[in-house]
Amino acid sequence: MKNKKILIGIIIAIIVIVVGITATVLIIKNNEQEEAKELLNSYIELINNKNYEEMYKKTSSMNMSQEDFITRNKNIYEGIDASNIKIEINDVEKEEGKYIINYHQKMYTSAGEVDFNNTANIVKENNELKLQWKSSLIFPQLSGEDKVRVSTLKAKRGSILDRNGVALAEDGNIASVGIVPGKLGKNKEQSIAKISELTGVSVDYINQSLNASYVKDDTFVPVKKIVNSNTSLKEQLLQISGVMINKEDGRIYSLGKEAGHLIGYVQAINSEELEQNEGKGYTTTSLIGKSGLEKAYEDTLRGIDGTRIYLEDSNGNEIGEIAKQDKKDGQDVKLTIDSTLQKQVYEQMKEDKGFFVIMEPKTGELLALVSTPTFDSNDFVVGLTNEQWNNLNNDESKPLYNRFIQKYCPGSTFKPITGAIGVTLGTIDPNEDLGYTGTSWQKDSSWGNYKITTLTGYNGPKNLLNAIMYSDNIYFAQSTLKMGAETYVSSLDKLGFNESLEFPISLAKSQYAKDNGNKIEGETKLADTGYGQGDLLVNPIHMASVYSAFANDGNMIKPRIEYDESKNGEILIKDAFSKEAANTIENDLIQVVEKGTASDMKIEGTTIAGKTGTAELKTSSEDTESGTLGWFNCYTKNREGNDLLIVSMVENVQDNSEGGSHYLIKKIRTIF
């Protein structure tokens, strides 16, 4: 009996040992399987990060150098713009000392998304798991001698057209200026110096390009791209021995400087933009809108290139297609802009710092948007030299600064708006004579030394008509104080202050308090705001919309830049002012031109409503550095053809003997 118990104990012990050993083996096996999976996942992540050196370290010994491994993987993955590579492991098998991992792979390429099933072998080498690499890990059907090829069918970018179908931006040809070294002749240095002078490209850069390892005597070495229409420059360059000019595809802008800020330009996509637009079909060679309407309408204008990825054997025979994406041309965008008017306005303003906004007051169609000084969109496409770029950036007149999308102190051009608010609310009786005298005023002694001053005294009652005609600051200061800050602010909010105006290009929000606040602090600030000063800042396109209410029985028209055959205007804010208020202000603005401060704008046979304005930017009475803005806003009434509403401003008019408004009036008369 005793022996039987001993025997049973021994058997149990053996079973425990066997079970333990089996469990240990299973644990080790399972741990190794997980390590094998982890190895493959980490390898895929290294591909996403383009870390080819670390990828090589995870592979087993093979008949390929690190340099060849890196070159092959880099050329293929980056050649097809592979990104967002992901795998899903289906199963893991162990066979003859290696783990066989079956998995499904997806990745995004220049030809769209690619997915396939594949197999990876993991082996143990010096007690460490390694990936057994071969070309089929990239694509299952790829062997060591095969090549991955990419062919591209270029898509057309949509054109930007004016209202009459004139192309303001379109795909076309630009000129590539280059040098054929073997034809430079004996005066090589002189020729290079002359090429440098004409193109703005440094002599050092030209010599560096000519000394590149690939260059032979008959090689065309590109130096500079120029606008194809610049025939004078091309003729001068072609007189130099060794210079050759080829045509190549490029974006061309018929209104280079005339519409630089409005149309903008395209350039090569950068890495940050490529990351932001992942999955949209962009590649490292794509162009993308960088500013203006080229950027605003990027999704509409851009074409998606057709791309085909295929395999080729060592004899150059195609052996399989990986992916294919048909090309998709971009769509055209037709604008309300009149290119003739745009050019005309630019010619009037090109020497000044300022802007013009011209809109049809009944439809909201924007006919011209000009900001000066400006830049030539073509220069950004052909490439700016460092000197040109530095000149643009460091120019004190800020040619890269788009003024019509900003916000400015409107000065007296805001008085009609305050007047319309008061009449709408009933706090202003247009016929009431406020009865004050003189050209300075303060509410009471609590204002200390602060007084409201008006530039010109006038005879007659201090009523709304005379206050608008003679631009009386005191009248509008008193009227705004009578309304009270809360009521006045509420009315400004109704007009769209502190709100974004829907527009393709982002516009600054109009404001009446610092930092887009919703409260006007103090009586003097409120009084100043009423006649267009204080912390009041207005965007020019928003200002055009507000002024349109005077021509539309109190309804503000929505500004628009996309052409619509129907030409129907869309109301932005219904009953922004009462009909009575709008008509009263319109009649008063007509009198400003007929016999008031803008009488030099009067044109026989044309009814024009307008308002002059001067905005003081001084921060104190001692401030002699800050400039003055000159404004003139006007619109025609019942003009043959379409009426025009103009909002215009010129900077630094403090030294202009004509005054800013009258300086602008001269320019506007030529437009009418």
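At full extension, Asp299 and Lys574 could sit 95.8 nm farther apart than now, given 0.36 nm per residue minus the alpha carbon distance.
Remark: spin-label model distance Lys637-Lys443 equals 3.4 nm, labels positioned 7 Å along the Cα→Cβ axis.
Helical content alone sets the calculated 222 nm signal of the chain at -10000 deg cm²/dmol, taking -39,500 (n - 2.57) per DSSP H segment of four or more residues and averaging over every residue. Close amide-amide hydrogen proximity is noted between Thr59 and Leu131, each under 5 Å apart and 5 or more residues distant or on a separate chain (H modeled in the peptide plane; Pro and chain starts excluded). In straight-distance terms, cross-link reach from Lys637 covers every one of the aspartates and glutamates whose alpha-carbon lies under 12 Å from its own, apart from those fewer than eight places away in the same chain; here that gives Glu360, Glu586.
If the reach is capped at under 17 angstrom between alpha carbons, list the lysines near Lys290, excluding any in the same chain fewer than eight residues apart. Cα-Cα hits under 17 Å: Lys257, Lys280. Kindly flag which residue pairs out of Lys362/Lys443; Lys407/Lys574; Lys186/Lys247; Lys295/Lys602; Lys362/Lys525; Lys225/Lys295 have an alpha-carbon separation exceeding 29 Å in this structure. Among Lys362/Lys443; Lys407/Lys574; Lys186/Lys247; Lys295/Lys602; Lys362/Lys525; Lys225/Lys295, the Cα-Cα distance tops 29 Å for Lys362/Lys443; Lys295/Lys602; Lys362/Lys525.
Taking the convex hull of the alpha carbon positions in the chain and averaging its projected area over all directions gives 50.2 nm². Put simply, when 470-483, 39-52 are sorted by average Cβ atoms within 10 angstrom per residue, most first, you get 470-483, 39-52.
Per-residue packing, averaged as other Cβ atoms within 10 Å, sorts the ranges 312-322, 566-576 into the order 566-576, 312-322, beginning with the highest.
Spacing of the modelled spin labels on Ile245 and Asn41, each 7 Å from Cα toward Cβ, amounts to 6.0 nm.
Overall, segment 382-518 carries a charge dipole of about 140 debye about its Cα centre when +1 sits on the Cβ of Lys and Arg and -1 on the Cβ of Asp and Glu, all other atoms neutral. Screening the chain for whole DSSP H helices with an alpha carbon extent of at least 30 angstrom along the helix axis and a mean Kyte-Doolittle hydropathy of at least 0.5 yields 2-48. Listed values for segment 532-539 are Karplus-derived 3J(HN,Hα) couplings in whole Hz (6.51 cos²θ - 1.76 cosθ + 1.60, θ = phi - 60°), namely x, 10, x, 9, 6, 9, 10, 6, and x replaces Gly and Pro.
Only Cα pairs under 8 Å and 6+ residues apart enter the sum, and on that basis the relative contact order of the chain stands at 11 percent. With the highest mean first, a sort of the peptides 421-429, 660-668, 210-218, 437-445 on other beta-carbon atoms found within 10 angstrom per residue produces 660-668, 421-429, 437-445, 210-218. Stretched out straight at 0.36 nm per residue, the stretch from Asp313 to Thr607 would grow longer than its current Cα-Cα span by 98.0 nm. Placing a label point 7 Å from the Cα of Ser65 along the Cα-to-Cβ direction, the residues of segment 116-144 whose backbone N falls under 20 Å from that point are 133-135, 144.
Taking label positions 7 Å along the Cα-Cβ direction at both Glu273 and Thr453, the computed distance is 5.1 nm, reported to one decimal.
Here, each number is a calculation from the coordinates, and none is a lab measurement. The structure presented is a predicted model; accordingly, all values stated were derived computationally and were not measured. Heads up, the Cβs are rebuilt from the backbone with ideal geometry, glycines too, and the neighbour counts pull from every protein chain shown.
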